[in-house]
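I have placed the structure first, in the form of structure tokens, so that the comments after it can refer back to it.
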Amino acid sequence: MVCLGNICRSPLAEGILAAKAKGLGWEIESAGTSGFHSGEKPDKRSIRIAKENGIDISQQRSKQFRAWDFEVYDIIYVMDSSNYQDVIKHAQSDEERAKVKLIMNELEPGININVPDPYYGEFGFENIFTMLDQACNVIVANA
């Protein structure tokens with residue numbers, strides 16, 4: 001799961017999918033395309049909305065996406081088209097590029113809906129949680 005700073009959207013996506021995929025043996029992590037918040041906990045608003053929904057993301061720490069992540073992960077879900085472009089720049093092959101997917105395309109294939117960045121409060125964390133929760137339901141159902 002990848003967003004810009006790895007403190008709002010991608011930690012929520014990581015926590016939601018990890019909770020839904022228990023027992024499937026998946027390794028689920030998140031990262032940011034920037035290193036602005038490396039080592040920091042998720043935004044307190046992300047922690048709060050996750051907790052309200054029975055998920056604890058308070059132990060996560062922000063880290064930056066690196067090219068070697070292509071070697072580790074089968075799928076790299078990004079939150080928006082800007083994240084997509086930033087991650088694709090690290091890809092060295094068509095196989096690596098094919099691993100990068102907009103997460104909301106799992107729910108609505110080919111529509112390319114962005115998960116808005118809630119950091120500045122224009123789009124509530126509750127709405128972000130709902131979007132990611134619905135997408136993660138589809139990811140697990142298609143497993």
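I'd like to verify a number: residues in the stretch 40-71 that are touching a residue at least 24 places away in the same chain (Cβ under 8 Å) and more than 17 Å from PHE129 (Cα to Cα), how many? Residues meeting the conditions: 10.
A Cβ distance below 8 Å, combined with a sequence gap of six or more or placement on separate chains, defines the contacts here; from the stretch 5-26, residues that are of a type in the set (A, V, I, L, M) reach residues that are modelled with pLDDT under 95 in the pairs ILE7/HIS37; ILE7/TYR119; ALA21/ALA143; LEU24/ALA143.
Looking only at residues of the stretch 99-118 that are open to solvent by 70 Å² or more (accessible area, probe 1.4 Å) and of a type outside the set (D, E, K, R), we find that the one that is nearest to the chain's Cα centre (by Cα) is ASN112.
For the stretch 119-135, a residue qualifies if it is modelled with pLDDT of 95 or more, under 19 Å from ASP43 (Cβ atoms) and open to solvent by less than 50 Å² (accessible area, probe 1.4 Å), and the qualifying residues are PHE125, ILE128, PHE129, MET131, LEU132, ASP133. Could you list, in sequence order, all residues of the stretch 102-133 that are touching a residue at least 40 places away in the same chain (Cβ under 8 Å), touching a strand residue (DSSP E or B) at 6+ places or on another chain (Cβ under 8 Å) and in a loop (DSSP other than H, G, I, E, B)? Correct list: VAL115, ASP117. Screening the stretch 1-39 for residues that are over 9 Å from the mean Cα position of the chain (by Cα) and among the β-branched types (Val, Ile, Thr) and picking the one that is nearest to VAL140 (Cα to Cα) gives ILE16.
The values are calculated or read from the model by the stated rules, or taken from the named source; none is laboratory data. All of these numbers come straight from a predicted model, not from anything done at the bench. When we count neighbours, we look across all protein chains shown, and the Cβ atoms used for this are built from the backbone with ideal geometry, even at glycine. Keep in mind that these areas ignore ligands, DNA and RNA; they rest on the heavy atoms of the full protein, side chains included. Shrake-Rupley method; radii C 1.70, N 1.55, O 1.52, S 1.80 Å.
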